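Peer 1: Got a structure for you, questions after.
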Amino acid sequence: MKASFSSLPTEVIEAVILCTAAGRFPSAIGALSQTCRALYALIYQATDHHLWRAIFLSTFDDPRKLRYYDTDGFDWGSHFRERVWAASFLKRHVRPLRIQKVYTLRSRTTASPIVDLTSTYDMSASVKMLNTLLSVIKTTAPNECHHPLPGESGGCTVEQWEALLSSRSLSFAYHTSPQFPPRLGYSPCLNVPWLQAVLKNGLPASLITKISRESRGLHWDNSPEAIALGELITCTGFLPIRNVVEEQTGRLASSSSRRSIDGPAPDVGISGMNMSVDDQKARAHYRARELVYRMSYLSRRRHWGPYLAVAPTAEDEPLAALRNYEHEESAVDYARRTLLEMFQRATDELSESEDPDYIPSADVETGSSTYSDDGRPDDEDGEPPPVDLVQSRKRKRVVPTPEELKPDWTWLAAARVLFDQYFSDLEELNPEEFVDWNFWREAWASRLRDGPLSFVHDDGPVEGSSSTLVNENALYCRDWAGVQGVWRRAVLWLAYADLEHHNHFGGFDDPGLYECRIRVPMRLRVVGYGAPAVAAYPDRPTIIVEGEMGGQDFEGHPDDTPDDIRRVHGTVSMLSTGHTSSSKRNRNVDQWASEGVQIGAVGSEAGVLGLWTGARHEGRDPIGPFWQWRVA
């Protein structure tokens, strides 16, 4: 009698299964499990996780190598199967985008494009796929080719480090440090090549066009799909559809069909958009402008940064009313009109008190809204009822703590799209090496080893610092985020007249709208520590930093020569979701304030992407994005 495969020793069968996984045939594992009960029990009903752990590690990085990733309860088998499913999902739904060139009765010489962007999947599947890709990013192995510490072999001397950090001028630090993090090579990694292979053809057309179409959907921006897509785009940059196939031209018989090209219904998916890569990038840039430069985005409930509340509050209700209104274009027009009407009322109330926490008296009249059972407004004319955006001032508004906030990835993705265009104009600096997908791996934080590394300067007590924490928990008092050093900071903004005009009247898709841009040096020094901002991360205390950065007119003059240099004060802490938050503000000293979120892993070379605005948070403050990355 011939021996069957199942009669082989268990160790041999497991070795065969591992070879199958390593050979990129993961579906064969499931097929093998269906051949007999014994193999099914071996694969799916084992008493330990050694087999699935080995299968996982044959294809992906070991998450246990990460300093700041919680692997307790990590289900090796479940994560592997989800990633295989995500790759299969993209293979099924990322197809060549077929475009028909059609002549109409109105245009007999120029063909118009018709493209079908109807989804071939439901939103829950899309969210699952995006979150799975994000888990691959978050568990990418750290880059072990880290930058050496001062005094180590290959690194600068302690004296040179002190000169960069404090004893010499900012101009000296600027001229002796590179524009982007120095490339010291990359340690082996499995996750990044896997992602590059899976995303080589991009994302489904019906998904990526939601941020690169002719208008932005208010109801979609805060959906789980938008948030997950935003986090992915923040890490990878905009992923245009590159596989476009033009089919045989035809002719539409009537002008009524032409209307389906010019103005497609949002839920149909038939569009007349030009789908060249340049056109996609241009539309994505315009839609990003609409969100990034929206002055009404600034809010105390967001801590004046790119954040969302962990749990929605009553103050979110007016905006939710707009998001739920089913006619997207009408909601946009109505939002502009309502904000204009409310602006004068808000200004009048603010003038009664200089205190930004001023609470109006109880006799202030506010609007009210009524809705039918289907969620539509009960107005006869079909227009959404008035929403008084000032009504929230009747409540005592408290600035949320980091534990009550999470990143607004929709806004951050829009900021990343704007910076994609900025980096494309810096070809002489070769920014492609900087935005390589390896840049979201742990890097600067990996150089901290296991011992305390505080570098606290003895400049006296710092406001808000906790000397008790420094003395009692010295092990935790170290630069866990890798924040101390020399940075580059890129800032984008619109002239205030343009900002006001386009916020009132739209037109962010004006090709002639010019975005101002600067790239200046910044250096930060750790001057103290505070209690952890989030109790779930006791090993990551709040880091208090001070330093200086170049202003708009910074020229990089030699030492002792006057230059445009601004003082910087701020903190680095955790958010509730495990992301690193950077805050630079001092309402009594600084002119500007900024809030940002670390891209990728803690201490990654990607740096911090965020929002800047006025430090005193006055009405009609400007708003814009910044991106800063450490270079030394």
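The values are calculated or read from the model by the stated rules, or taken from the named source; none is laboratory data. Since we're looking at a predicted model, the values are computed, not measured. No Cβ is skipped: glycine too gets one built from the backbone with ideal geometry, and neighbour counts run over all protein chains shown.
Peer 1: Output the residue which, of all residues in segment 146-164 that are exposed (fewer than 15 other Cβ atoms within 10 Å of the Cβ) and outside any helix (DSSP H, G or I), is modelled with the highest pLDDT.
Peer 2: Out of the qualifying residues, it is Thr157.
Peer 1: What are the residues in segment 107-139 that are more than 16 Å from Trp440 (Cα to Cα) and part of a loop (DSSP other than H, G, I, E, B), if any?
Peer 2: Initially, segment 107-139 is screened for residues more than 16 Å from Trp440 (Cα to Cα), giving 107-132.
Within segment 107-139, Ser107, Arg108, Thr109, Thr110, Ala111, Leu117, Thr118, Ser119, Thr120, Tyr121, Asp122 meet the criteria.
Peer 1: Restricting the search to segment 418-434, which residues are part of a loop (DSSP other than H, G, I, E, B) and either surrounded by 17 or more Cβ atoms within 10 Å (Cβ to Cβ) or in contact with an Asp or Glu (Cβ under 6 Å, 6 or more places away or on another chain) (or both)?
Peer 2: In the first step, residues of segment 418-434 are kept if they are part of a loop (DSSP other than H, G, I, E, B); the result is 425-426, 430-434.
Residues satisfying the conditions are Pro431, Phe434.
Peer 1: Okay, moving on. Just one of Pro240, Pro178, Pro193 is assigned to a loop (DSSP other than H, G, I, E, B) and either in contact with a Ser or Thr (Cβ under 6 Å, 6 or more places away or on another chain) or surrounded by fewer than 18 Cβ atoms within 10 Å (Cβ to Cβ) (or both); which is it?
Peer 2: Details: Pro240 fails: either in contact with a Ser or Thr (Cβ under 6 Å, 6 or more places away or on another chain) or surrounded by fewer than 18 Cβ atoms within 10 Å (Cβ to Cβ) (or both); Pro193 fails: assigned to a loop (DSSP other than H, G, I, E, B).
Exactly one of Pro240, Pro178, Pro193 is assigned to a loop (DSSP other than H, G, I, E, B) and either in contact with a Ser or Thr (Cβ under 6 Å, 6 or more places away or on another chain) or surrounded by fewer than 18 Cβ atoms within 10 Å (Cβ to Cβ) (or both), namely Pro178.
Peer 1: Could you grab me the full set of residues in segment 435-456 that are of a type outside the set (Lys, Arg), assigned to a helix (DSSP H, G or I) and at pLDDT below 90?
Peer 2: Result: Ala445, Ser446, Leu448.
Yes or no, residue by residue, for (1) under 30 Å from Trp444 (Cα atoms); (2) at pLDDT 85 or above:
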| site | (1), (2) |
| --- | --- |
| Leu66 | yes, yes |
| Ser78 | no, yes |
| Lys101 | no, no |
| Glu144 | yes, no |
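Peer 1: Determine, yes or no, whether Ser594 is in contact with a Leu (Cβ under 9 Å, 6 or more places away or on another chain) and within 24 Å of Val534 (Cα to Cα). Full working, then the answer.
Peer 2: Details: in contact with a Leu (Cβ under 9 Å, 6 or more places away or on another chain): yes; within 24 Å of Val534 (Cα to Cα): yes.
For Ser594, the condition - in contact with a Leu (Cβ under 9 Å, 6 or more places away or on another chain) and within 24 Å of Val534 (Cα to Cα) - is met.
Peer 1: Restricting to segment 69-85, what's the tally of residues that are surrounded by fewer than 17 Cβ atoms within 10 Å (Cβ to Cβ), outside any helix (DSSP H, G or I) and not polar (S, T, N, Q)?
Peer 2: Number satisfying all stated conditions: 5.
Peer 1: Here's another thing I want to ask about it. Could you tell me how many of the residues in segment 277-307 are within 19 Å of Ser583 (Cα to Cα), crowded, with 21+ Cβ neighbours inside 10 Å and aliphatic (A, V, I, L, M)?
Peer 2: Residues in segment 277-307 being within 19 Å of Ser583 (Cα to Cα), crowded, with 21+ Cβ neighbours inside 10 Å and aliphatic (A, V, I, L, M): 1 in total.
Peer 1: Tally the residues that are of a type in the set (Asp, Glu) and within 23 Å of the chain's Cα centre (by Cα), restricting the search to segment 503-557.
Peer 2: So the count comes out to 2.
Peer 1: Let me ask another. Working only within segment 574-607, note down all residues that are farther than 21 Å from Glu144 by Cα, at pLDDT 90 or above and buried (at least 24 other Cβ atoms within 10 Å of the Cβ).
Peer 2: Met574, Ser594, Gly596, Val597
Peer 1: Which ones in segment 156-183 are basic (Lys, Arg) and within 23 Å of Asn143 (Cβ to Cβ)?
Peer 2: Taking segment 156-183 first, the residues basic (Lys, Arg) are 168, 183.
Once the filter is applied, which keeps residues that are basic (Lys, Arg) and within 23 Å of Asn143 (Cβ to Cβ), segment 156-183 yields only Arg183.
Peer 1: While we're on this one: Aliphatic (A, V, I, L, M) and without any contact (Cβ under 8 Å) to a residue 12 or more places away in the chain, is that true of Ala533?
Peer 2: no
Peer 1: Among the residues of segment 620-628, is there at least one that is among the aliphatic types (A, V, I, L, M) and at pLDDT 90 or above?
Peer 2: Yes; the residues of segment 620-628 include at least one that is among the aliphatic types (A, V, I, L, M) and at pLDDT 90 or above.
Peer 1: Being surrounded by fewer than 19 Cβ atoms within 10 Å (Cβ to Cβ), in a strand (DSSP E or B) and of a type in the set (Lys, Arg) narrows it down to one residue among Arg523, Arg517; which is it? Before you say what the answer is, go through the steps one by one.
Peer 2: Numbers: Arg523 fails: surrounded by fewer than 19 Cβ atoms within 10 Å (Cβ to Cβ).
From the options Arg523, Arg517, the qualifying one is Arg517.
Peer 1: Please state which of the following conditions Leu492 fails to meet, knowing it meets all the rest: (1) modelled with pLDDT of 95 or more; (2) more than 20 Å from Phe419 (Cα to Cα).
Peer 2: (2)
Peer 1: Output yes when any residue across segment 1-20 is within 35 Å of the chain's Cα centre (by Cα) and assigned to a helix (DSSP H, G or I), and no when none is.
Peer 2: Looking through segment 1-20, none of the residues is within 35 Å of the chain's Cα centre (by Cα) and assigned to a helix (DSSP H, G or I).
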